[in-house]
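Here's the structure, in structure tokens; my notes come after.
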Amino acid sequence: MIGENAREIAEMAIESGADQALIVEGEEYKTYNTYLHTHALETLCDKYRPPVLLIGATINGRDVGPRLACRLKTGLTADCTALGIDEESGNVAWTRPAFGGNLMAVILCPDTRPQLGTVRPGVFKKPKRNKGGTGPISVESIQAPGKDLGTQIMELVRTIKEDVPKLEEAEIIVSGGRGLGAPENFSLVRDLAAELGASVGSSRAAVDAGWIPYTHQVGQTGKTVGPKVYIAVGISGAIQHRAGMGSSDTIIAINKDPEAPIFDIADFAIVGDLFEVVPALVQQIRQSRGVTR
Amino acid sequence: MDSYAFITQEQRDFITILRDILDKELAPIITEYDEKNEYPMHVHRTLCEAGFNSVTIPNELGGLGMDMVTYCLIGEEMARYDAGFAFSFNAANGILKAVYTHGTDEQKKYCTDRILNDGAISCTCITEAEAGSDAAAMRTTAVRDGDEYVLNGTKTFISNGGIADMFLVLASTDRSKGAKGISMFIVEKRHGVQAGKHEDKLGIRLSDTSEVIFDDVRIPASNLIGEEGMGFKYVMQFLDTSRPFTMVYAVGLAQRALELSIKYAKVRKTFGQPIIANQGVNFMLADMEAQIQAARQLIFYAARMVDAGIPLGSLSPVIKTFASEMAVRVTEMAVQIHGGYGYCKDYPVEKLYRDAKIFTIFEGTNQIQRMVLSRHLAKRQ
Amino acid sequence: MNILVCMKQVPDTTEIKINPETNTLIRAGVPSIVNPFDAYALELAVRLKEKHGGTVTVLSMGPDQAIAALRECLSVGADKAVLVTDRAFGGSDTLATSYILSTCVKKLGGFDLIFTGKQAIGGDTGQVGPEMAEHLNIPQVTCLMDVEVNDGKLEAKREHDKGYEMVECSLPALVSVIKTDYEPRYPSIRSKMAANKAEITAKSWWRS
């Protein structure tokens, strides 16, 4: 762990099943910096020579991963959704989606070490924490590689107000599209999402129209998600959107156009006016919640 | 695109650019603008930026200087998305054709600059409440007063009338001479032109059709095009050459109706099979294709004649009657093939059926066309 | 400003078909497009050029058919296009690709800023950009949404889970672009005609 809360997270990791933890602390590691983090990981890899290194495929994880891979002249498999061991060679078998999830590729890195991979967030379930778990936590002291760090984060601007899970980790997502007609109608999507404890997503059309920020965009040029339930409201289901949510467990689509392509992949298809259906759905959920209490 | 065997790669490229823009900018809003009865100005601007308003403007005036065949290929494709939009977008041709043929160099440059550089929308004002087919009976007057003309009158059913910046106006400078007393003028909105009633039409609703009112509108005398009293003749000449190319929009419209019908017929099942397997349906599709192709090739042939400088003569009313009536027949069959769904607004064919009807009425009714055509025939040896 | 945009020609996913028997991509007859993220990158690059002056060069590693994609880039604001091609490049992983492209960058020389798209639809790895930055020993900003250049420094708007970050970066640098607030522009008829006539150099430096 590299960064500000390194010790705290290290303890969490040990309690979740890690055998040992290495932490890199220091004022300079407070915010992410490509040069610093790459150098730190390189130093650790040189010292400990791990055969395998896994990094979370977060925005920063996918920033440092390739930089490190190139520095170590080794292979990196990005955004993996499954991990295994190739029986014959003993190499890690990295499984990752290609072509927006239309194809699953299994990659091996036979000749170089470490074998690097970034792992897609939200795919694997978090292990249970065993509060009493113990294990060694060693502090690694790593100096910055030089004065010039190349990049510097000046400020963070928060645009996501809701305190809900990230799209990639959400179990339920309610997404809105062009069919909503106007930005204020996203309130319908938010209402439904609130009732279900879901995250709010969007098609590209709604983002392009300026109705909702890009961080909510699901699809080929947005986020790829695989929740338990995906509810598409007023989304036609162009293939670029489907590339981003096609692997959801259950897809519910609400659209007044019976020919909408989203219905080709929906498990439950509601052909109707979303302005009638969504409020009715919200009403039903509220009522049923009242009953079960 | 593939229906014209002699299409060049360059022409294909233009159509690809056009499709890209219209797929993203026009296709998603057609239903909305059809309901609102409004012209999507932002799409107009995007197409102008890409150069589509300069296709037939000569090179020396800053345009792309392309031939009529290219113009028709582009026009048909635009109409495949929306015939009303295509018709309105290309309405600038009216005033440009007039000044290029009969105007002074200064007028040519002025009008071209207004359209290319200022992005001005233009329209052609001929029709009046009491002067449609009988255009010579028009009552709008242009009275000479010093070095100005004063225009008074009301034009009706003017395409782009409500949104135009620049107007090509036919007005009478001498009512006693009837047709030979009509002159042609360039008028700017800022001269005091007012838009009147905005028509609530059956179809081509993306095209603005409005009344245009001239109430003591004063224009410089230099805005007269050509000579006094020649206006009617000038207009008849260029309507003759422009009419066929308005019909290319009917072909685009009909083509879309056919494509939708084929798609539907393959998917819709009755009695256990797709309806395209039924001769009652597929014979209709065959008829639609044959008629569309015939109209299209007739128009492209005429385009080649224009490019070669050959007058169209009797071919003009032939194209007008054939293509317009084809569009009405084809869209009617399209609705029939879609059955009940074809009659509902959820499906796009009812709009095409509504859009088609205008083609037998405007640009000279088909009755007038038959009159003109029979006169041509009577003159033949 | 001397700007480089790395572009990859990819199959159009709207037309993707998977062979159900072999479970591989059917490439035959599938139209090719400029990778969508690269199109955003190019638009940002062209806007910077329009504001600060300079040139935008587009570089692509691929087979001869990628020339069509390079022409598309020329029709939307790029000034020069270079294709680097060689049979030996076939089957390259990201490390090899980034090495090849970086070598080209060094040969072409003198770039202030290099743009890449975040990832290529298809491979979806997002690795070539950062790996190039490593080869070239320049700083990188990934997941860029907007960029400005002030006083010889880059000011980048970078994606963040909770919104976005403003990042300052020294030049020369490499950036990878996700999505911008501006849609990539349409070509005009004129720019398309000019692009069709343009000379595109196909380099195979290994041979010369």
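Read-outs: derived from the displayed coordinates by stated rules, not from any lab. Keep in mind it's a predicted model, so treat the numbers as computed, not measured. Virtual Cβ from ideal backbone geometry, glycine too; neighbours counted across all protein chains shown.
Some values worked out for this structure:
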item	result
Within the range B:223-381: Cβ-based charge dipole about Cα centre, in debye rounded to nearest 20 (Lys, Arg +1; Asp, Glu -1)	320
Ranked B:D23, C:D161, criterion: other C-beta atoms within 10 Å, fewest first	B:D23, C:D161
Which listed pairs, of A:K47/A:K147; A:K47/C:K157; A:K73/C:K179, have C-alpha distances above 26 Å, in listed order	A:K47/C:K157; A:K73/C:K179
Rg followed by Dmax, in Å, when the range C:1-104 is reduced to its Cα trace	15.2, 53
Length-normalised contact order of the range B:44-193 in % [C-alpha pairs under 8 Å, at least 6 apart]	17
Length-normalised contact order of chain C in % [C-alpha pairs under 8 Å, at least 6 apart]	25
Only Lys, Arg (+1) and Asp, Glu (-1) charged, at Cβ; the range A:107-238 dipole about Cα centre in debye	440
Calculated FRET efficiency for the pair C:D79/B:Q297, C-beta based, R₀ 35 Å, to 0.05	0.25
Dipole-positive endmost among A:A170, A:A260, A:G234 within the range A:167-292 (Cβ charges, Cα centre)	A:A170
The range C:89-194: trypsin sites (Lys or Arg not before Pro) falling in loop per DSSP and having at most 14 other Cβ within 10 Å	C:K162
Sorted by Cβ density within 10 Å, fewest first, the residues A:C45, B:C125, B:C72	A:C45, B:C72, B:C125
Neighbour-count ranking [beta-carbon atoms within 10 angstrom, fewest first] of B:M68, B:M41	B:M41, B:M68
Rounded tilt (10° steps) of A:186-196 against the dominant C-alpha axis of chain A	70
Convex hull (Cα only) mean projected area of chain C, reported in nm² to one decimal	12.6
Bins of 10 Å from zero: percent of alpha-carbon pairs in the range B:48-104	22, 57, 20, 2
Angle between chain A longest axis and helix A:34-48 axis [Cα atoms, degrees, rounded to 10]	50
Cα-Cα over 18 Å, subset of A:K166/C:K162; B:K201/B:K351; C:K107/C:K197; A:K166/C:K118; B:K201/B:K345	C:K107/C:K197; A:K166/C:K118
Dimensionless Rg ratio for the protein assembly as shown, taking C-alpha atoms and the 2.2 N^0.38 Å reference	1.11
Qualifying trypsin sites (Lys or Arg not before Pro) for the range A:219-270 [loop in DSSP, other Cβ within 10 Å: at most 16]	A:K228, A:K256
Ellipsoid semi-axes in whole angstrom, largest first, where each is sqrt(5λ) of the Cα gyration tensor of the range C:26-80	24, 11, 8
Cα convex hull volume per residue for chain B (Å³)	144
Exposed-loop-free span, longest in chain B, where trypsin sites (Lys or Arg not before Pro) count as exposed if DSSP calls them loop and at most 13 other C-beta atoms lie within 10 Å	B:1-344
Neighbour-limited loop hits for chymotrypsin sites (Phe, Trp or Tyr not before Pro), the range B:1-84 (at most 12 other Cβ within 10 Å; DSSP other than H, G, I, E, B)	B:F6
Relative counts (whole %) of C-alpha pair distances in the range C:121-164, using bins that are 5 Å wide	5, 18, 19, 25, 22, 9, 2, 0
Intensity falloff of the range B:263-381 expressed as log10 I(q)/I(0), Debye formula with alpha-carbon point scatterers, at q = 0.20 Å⁻¹	-1.09
Percentage, to the nearest whole number, of Cα pairs in the range B:122-229 over 23 Å apart	21
Dipole of chain B [Lys/Arg +1, Asp/Glu -1 at C-beta], most positive-end residue of B:F85, B:M41, B:T360	B:T360
Radius of gyration and Dmax over the Cα atoms of the range A:63-169, both given in Å	18.3, 49
Interatomic Cα distance distribution for the range A:167-292, bins of 5 angstrom, percent	2, 13, 24, 26, 22, 9, 3, 1, 0
Cross-link reach list, aspartates and glutamates versus A:K223, counting only Cα pairs under 13 Å and skipping chain neighbours closer than eight places	A:D79, A:E168, A:E169, C:D124, C:E159, C:D161
Candidate lysines - alpha carbon under 29 Å from B:K108, same-chain residues fewer than 8 apart omitted	B:K97, B:K155, B:K177, B:K180, B:K189, B:K233, B:K320, C:K192
Charge dipole magnitude, Cβ of K and R +1, D and E -1 - chain C, Cα centre, debye nearest 20	720
Percent of Cα pairs exceeding the 21 Å cut-off, where the set is the range A:6-139	48
The range B:1-83, Rg to Rh (Cα coordinates; Rh as Kirkwood inverse mean 1/r)	0.99
Of B:P220, B:I186, B:H198, farthest towards positive along the dipole that unit charges on Lys, Arg, Asp, Glu beta carbons give the range B:122-229	B:H198
Reciprocal of mean inverse Cα separation for chain A (Kirkwood radius, Å)	21.5
Relative contact order (%) - the range A:167-292, alpha-carbon pairs under 8 angstrom, separation at least six	24
